[in-house]
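Please read the structure below before turning to the comments.
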Amino acid sequence: MRSSETNRGQTTFSVKTWSVPGFQRWADLIGAGIFAVLFLSLVVQVVRRFVLGAPAAWTEELAAIAFVWVIFWGTAFTVPLAAHVAVDFVVPRFAPAVRRALYALGLAALGGSILWALAGIADYLRFMMRERTPVLEWPYGIVYSVFLAAAVMVVLRCLAAIVRPGASDKA
């Protein structure tokens, strides 16, 4: 779509912000792998509980961790910025410069807010390294480290969409 066209009330742009060749494919494959871990751990749990009569607590914990990872991984690397929750300003169709400025302002607010929170996120993850999950005994700092990666990636995606005004974030 061109910048003058809209999709469900939001302005979209035609060129991707990703400039690293093959990056999107790898991000999608990793996301699919995380989802496969989630799905397979649930299948193992169902088989162990209802077929073998011996439930395994580690499958539930692994599924919960994989669920967190698939949500944040998808948010950071797969979901288009236009698909995130946004405020859409009604601007006349004859003012593309105003639409672009408001879009950039919204991206700057989102990216700036997350950038401001990065130090606190990293500090909390460092603090949580001493706590471990109940069954697998993985450090919570590692379990939730995907949140830091997602935050950094959203900041970079916002910056890329601001710097490249004709760019779209289909990735």
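The values are calculated or read from the model by the stated rules, or taken from the named source; none is laboratory data. The structure presented is a predicted model; accordingly, all values stated were derived computationally and were not measured. Using ideal geometry, Cβ is built from the backbone for each residue, glycine included, and neighbour counts are taken over all protein chains shown.
In this entry, A63 is excluded by the filter for residues that are over 30 Å from Y103 (Cβ atoms), surrounded by 13 or more Cβ atoms within 10 Å (Cβ to Cβ) and modelled with pLDDT under 95. Would you be able to say whether some residue in the range 78-90 is more than 20 Å from D28 (Cα to Cα), modelled with pLDDT under 95 and not aliphatic (A, V, I, L, M)? Yes, the range 78-90 has at least one match. Against the definition (farther than 23 Å from I142 by Cα, surrounded by fewer than 13 Cβ atoms within 10 Å (Cβ to Cβ) and modelled with pLDDT under 85), how does S14 come out, yes or no? Spelling it out, S14 is indeed farther than 23 Å from I142 by Cα, surrounded by fewer than 13 Cβ atoms within 10 Å (Cβ to Cβ) and modelled with pLDDT under 85. If you filter the range 119-137 down to residues that are closer than 18 Å to A57 by Cβ and touching a helix residue (DSSP H, G or I) at 6+ places or on another chain (Cβ under 9 Å), you find that the one that is surrounded by the fewest Cβ atoms within 10 Å (Cβ to Cβ) is P134. A single entry from A56, A76, A27 fulfils the requirement of being more than 24 Å from the chain's Cα centre (by Cα) and either surrounded by 15 or more Cβ atoms within 10 Å (Cβ to Cβ) or among the polar types (S, T, N, Q) (or both): A56.
Residue-by-condition table, conditions (1) small (G, A, S); (2) in a loop (DSSP other than H, G, I, E, B); (3) closer than 23 Å to L136 by Cβ; (4) modelled with pLDDT of 90 or more:
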position	(1), (2), (3), (4)
W26	no, no, no, no
V37	no, no, yes, yes
L40	no, no, yes, yes
V47	no, no, yes, yes
F50	no, no, yes, yes
P55	no, yes, yes, yes
W58	no, no, yes, yes
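Would you check which residues across the range 114-151 are under 15 Å from T75 (Cβ atoms) and aromatic (F, W, Y) and list them? Residues satisfying the conditions are Y144, F147.
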